[in-house]
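Novice: Before I ask anything, here is the structure I am working with.
The values are calculated or read from the model by the stated rules, or taken from the named source; none is laboratory data. Keep in mind it's a predicted model, so treat the numbers as computed, not measured. No Cβ is skipped: glycine too gets one built from the backbone with ideal geometry, and neighbour counts run over all protein chains shown. Just the protein is used for accessible areas: all its heavy atoms, side chains included, with ligands, DNA and RNA removed. Shrake-Rupley method; radii C 1.70, N 1.55, O 1.52, S 1.80 Å.
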Amino acid sequence: MTVYAEMSKLEQLKEQELVCRRFEKLRDRKLNLNMARGKPGKAQLDLVSEGLLHVFKTPEDYVSDGIDCRNYGETAGLPAARRLFAELLGCRTEQVFAAGNSSLQLMYDTISKAYTHGLLHSERPWCREECVKWLCPAPGYDRHFKITESFGFELVTIPMTENGPDMDAVEAAVRDPQVKGMWNVPKYSNPDGIVYSEETVRRIAELKPAAPDFLLMWDNAYCVHEFEGEFVPFPDILCACAGAGNPDMAFEFASTSKITLPGAGVACFACSEANMDYMKKLMSVQVISFDKVNQQRHVLFLKDKVHTLELMRRHAEILGPKFRCVTDALEAEIAPLGIASWQRPKGGYFVSLNAMPGTAKRTLDLCKAAGVTMTSAGATFPYGKDPQDSNIRIAPSLPPLEELETAMEVLCTCLRMSALEKISK
């Protein structure tokens, strides 16, 4: 195989004819494959369903620390559930609020409360600000960007580096008092799979924003989600911020969505005790208590960090081959052609691929025509606009391995097709 840019025009034309015939054969198969979202596959759901859904054997199993979890009460969640999350995140139990199944809902709710009521150190609710700006490391998580966009915030793109957000850009941006916060996925970031370096975490914790109510949204969605190698410890952002003189700056979020069942897990946020008192006061108007039966179910099933990490190793046995399928296909089919680059993550749920600039949308349109659905081009950037039209998010977790192999054959063919079209113009 030859680098496309080094081919003669005649060689490019012959290659284009070959790739087009391959594409037509794939399209004629009328495939219906989905790699659009980072959903656990059936084998992962089966891994936990039986044990999780049958943990209650006697009425006493519904009692935790003397609390009957079937009844009202405990707005901040069962103490046992808060202890479990504190152990997983490395923070203190009193800093954890255990809630329902969705961390995304908690993130939305936190931004919403800042908008309607203001945060602990806000001078006024954010709805009364002339302008609210929000820092968005990109490529990043599309649902994060949609939350802040939905409130009318001005989204500011921060480039991602191999160590996390470009901290020079972040430190410059927070001098603006209209900049009220920043999204972060610190471990196996969505979609690049980057783990923030200790230096990056330190600089984030030591930020001196002009806005007194600057909000660090710390989505630790993949805190225990290795699919290759051993568990990678990470700094406690709450402790780091407190040590840097910013005790109330961070809200951390996590859930069991990709540990147990995405549609029936437990989510939490963690923050300073001062923020916790403030948030509990606001939450007490909203709810009496979240689903403590499900919280207790998870406590009995997961038990502690040791048992949780053992379960995650079993997840890794399912996920690891799928991610290797993706990277092996790219190495064999795309690497020799010089038309794309990609990250090689060791955890999380995505592979981030950067195609030849100006070809991502065309590549994904071709994939759709061949029966493979993927995340829309541009979704990993604020407002859905990738300035390079390059980034493609690959989500290998849902399809069975055999289907994934076919989907990768389609993607690689479409990458080659769109690159050749671009070069020949």
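Novice: Go through segment 132-203 and tell me which strands (runs of 3 or more DSSP E), entirely inside it, have 2 or more residues that are surrounded by fewer than 20 Cβ atoms within 10 Å (Cβ to Cβ).
Specialist: Hits in segment 132-203: 154-161.
Novice: Of everything in segment 26-59 that's within 30 Å of Met417 (Cα to Cα) and over 27 Å from the mean Cα position of the chain (by Cα), which residue is least open to solvent (accessible area, probe 1.4 Å)?
Specialist: Filtering first and then ranking leaves Leu26.
Novice: Continuing with the same structure: Can you name the condition, by its number, that Pro233 falls short on among (1) surrounded by fewer than 22 Cβ atoms within 10 Å (Cβ to Cβ); (2) on the phi < 0 side of the Ramachandran plot; (3) touching a strand residue (DSSP E or B) at 6+ places or on another chain (Cβ under 9 Å)?
Specialist: Of the numbered conditions (1) surrounded by fewer than 22 Cβ atoms within 10 Å (Cβ to Cβ); (2) on the phi < 0 side of the Ramachandran plot; (3) touching a strand residue (DSSP E or B) at 6+ places or on another chain (Cβ under 9 Å), the odd one out for Pro233 is (3).
Novice: Now for a separate question. Check whether at least one residue in segment 88-102 is of a type in the set (Lys, Arg) and closer than 26 Å to Leu311 by Cα, and report yes or no.
Specialist: Yes, because at least one residue in segment 88-102 is of a type in the set (Lys, Arg) and closer than 26 Å to Leu311 by Cα.
Novice: Shifting gears a bit: Within segment 305-322, identify whether any single residue is in a loop (DSSP other than H, G, I, E, B) and in contact (Cβ under 8 Å) with a residue 24 or more places away in the chain, and answer yes or no. Walk me through how you get there before you give the answer.
Specialist: First, pick out the residues of segment 305-322 that are in a loop (DSSP other than H, G, I, E, B): none.
No, there is no match, as no residue in segment 305-322 is in a loop (DSSP other than H, G, I, E, B) and in contact (Cβ under 8 Å) with a residue 24 or more places away in the chain.
Novice: Another question, then. Do we have any residue at all in segment 398-414 that's among the charged types (D, E, K, R), buried (at least 17 other Cβ atoms within 10 Å of the Cβ) and not in a helix (DSSP H, G or I)? Break it down stepwise before answering.
Specialist: Here is the first cut: in segment 398-414, the residues among the charged types (D, E, K, R) are 402-403, 405, 409.
Applying the additional criterion that residues be buried (at least 17 other Cβ atoms within 10 Å of the Cβ) yields 403, 409.
After this cut, where a residue has to be not in a helix (DSSP H, G or I) as well, the list is none.
So far as segment 398-414 goes, no, none of its residues is among the charged types (D, E, K, R), buried (at least 17 other Cβ atoms within 10 Å of the Cβ) and not in a helix (DSSP H, G or I).
Novice: Follow-up. If I go through segment 205-232 residue by residue, how many of them are more than 13 Å from the chain's Cα centre (by Cα) and either free of Cβ contacts under 8 Å to residues at least 60 places away in the same chain or outside any loop (DSSP other than H, G, I, E, B) (or both)?
Specialist: Selection size over segment 205-232: 12.
Novice: Just give me the residues in segment 19-72 being among the aromatic types (Phe, Trp, Tyr) and closer than 30 Å to Pro396 by Cα, in sequence order.
Specialist: Result: Phe23, single match.
Novice: Ok, one more. Please state which of the following conditions Ala377 fails to meet, knowing it meets all the rest: (1) buried (at least 23 other Cβ atoms within 10 Å of the Cβ); (2) within 26 Å of Ala316 (Cβ to Cβ).
Specialist: Ala377 satisfies all of (1) buried (at least 23 other Cβ atoms within 10 Å of the Cβ); (2) within 26 Å of Ala316 (Cβ to Cβ) except (2).
Novice: Something else now. Can you pull out every residue in segment 274-313 that is closer than 21 Å to Phe231 by Cα and open to solvent by 40 Å² or more (accessible area, probe 1.4 Å)? Don't jump to the end; show me each part of the working.
Specialist: Our first condition is that a residue be closer than 21 Å to Phe231 by Cα; within segment 274-313, this holds for 298-299, 301-313.
Matches in segment 274-313: Phe301, Lys303, Asp304, Lys305, Val306, His307, Glu310, Arg313.
Novice: Just to be sure I understand, how many residues within segment 196-217 are touching a Cys at 6+ places or on another chain (Cβ under 8 Å) and either closer than 15 Å to Asp168 by Cα or of a type in the set (Asp, Glu) (or both)?
Specialist: Summing the residues that are touching a Cys at 6+ places or on another chain (Cβ under 8 Å) and either closer than 15 Å to Asp168 by Cα or of a type in the set (Asp, Glu) (or both) in segment 196-217 gives 1.
Novice: Please count how many residues of segment 62-83 are open to solvent by 30 Å² or more (accessible area, probe 1.4 Å), over 13 Å from His298 (Cβ atoms) and not in a strand (DSSP E or B).
Specialist: Matching residues across segment 62-83 total 9.
Novice: Condition first: in contact (Cβ under 8 Å) with a residue 12 or more places away in the chain, closer than 24 Å to Ala377 by Cβ and outside any loop (DSSP other than H, G, I, E, B). Now tell me which residues in segment 22-44 satisfy that.
Specialist: Arg22, Phe23, Leu26, Arg27, Leu33, Asn34, Met35
Novice: If I filter segment 11-22 down to residues being hydrophobic (A, V, I, L, M, F, W, C) and surrounded by fewer than 18 Cβ atoms within 10 Å (Cβ to Cβ), which single residue comes out as farthest from Val372 (Cα to Cα)?
Specialist: Applying the filter and picking the extreme gives Leu13.
Novice: When residues of segment 320-347 are filtered for being over 25 Å from the mean Cα position of the chain (by Cα) and either open to solvent by 20 Å² or more (accessible area, probe 1.4 Å) or within 19 Å of Lys258 (Cα to Cα) (or both), how many remain?
Specialist: Going through segment 320-347 one residue at a time, the tally reaches 5.
Novice: Can I ask one more? Can you find even one residue in segment 237-251 that is assigned to a strand (DSSP E or B), of a type outside the set (S, T, N, Q), on the phi < 0 side of the Ramachandran plot and buried (at least 22 other Cβ atoms within 10 Å of the Cβ)? Working first, answer last.
Specialist: The first filter runs over segment 237-251 and keeps only residues assigned to a strand (DSSP E or B), leaving 250-251.
Now narrow it down to the ones that are of a type outside the set (S, T, N, Q): 250-251.
Still in the list and also on the phi < 0 side of the Ramachandran plot: 250-251.
Checking the rest, the ones that are also buried (at least 22 other Cβ atoms within 10 Å of the Cβ) come to 250-251.
Yes, because at least one residue in segment 237-251 is assigned to a strand (DSSP E or B), of a type outside the set (S, T, N, Q), on the phi < 0 side of the Ramachandran plot and buried (at least 22 other Cβ atoms within 10 Å of the Cβ).
Novice: Moving to a separate point now. Could you check how many residues of segment 102-131 are open to solvent by 60 Å² or more (accessible area, probe 1.4 Å), touching a Pro at 6+ places or on another chain (Cβ under 8 Å) and in contact (Cβ under 8 Å) with a residue 40 or more places away in the chain?
Specialist: Residues meeting the conditions: 3.
Novice: Could you check segment 204-213 and list, in sequence order, the residues that are open to solvent by less than 10 Å² (accessible area, probe 1.4 Å) and within 12 Å of Gln178 (Cβ to Cβ)?
Specialist: Listed by number, the residues that qualify are Ala211, Asp213.
Novice: Out of (1) closer than 23 Å to Arg70 by Cα; (2) in contact with a Lys or Arg (Cβ under 6 Å, 6 or more places away or on another chain), the odd one out for Leu282 is which?
Specialist: In the conditions (1) closer than 23 Å to Arg70 by Cα; (2) in contact with a Lys or Arg (Cβ under 6 Å, 6 or more places away or on another chain), Leu282 misses (1) alone.
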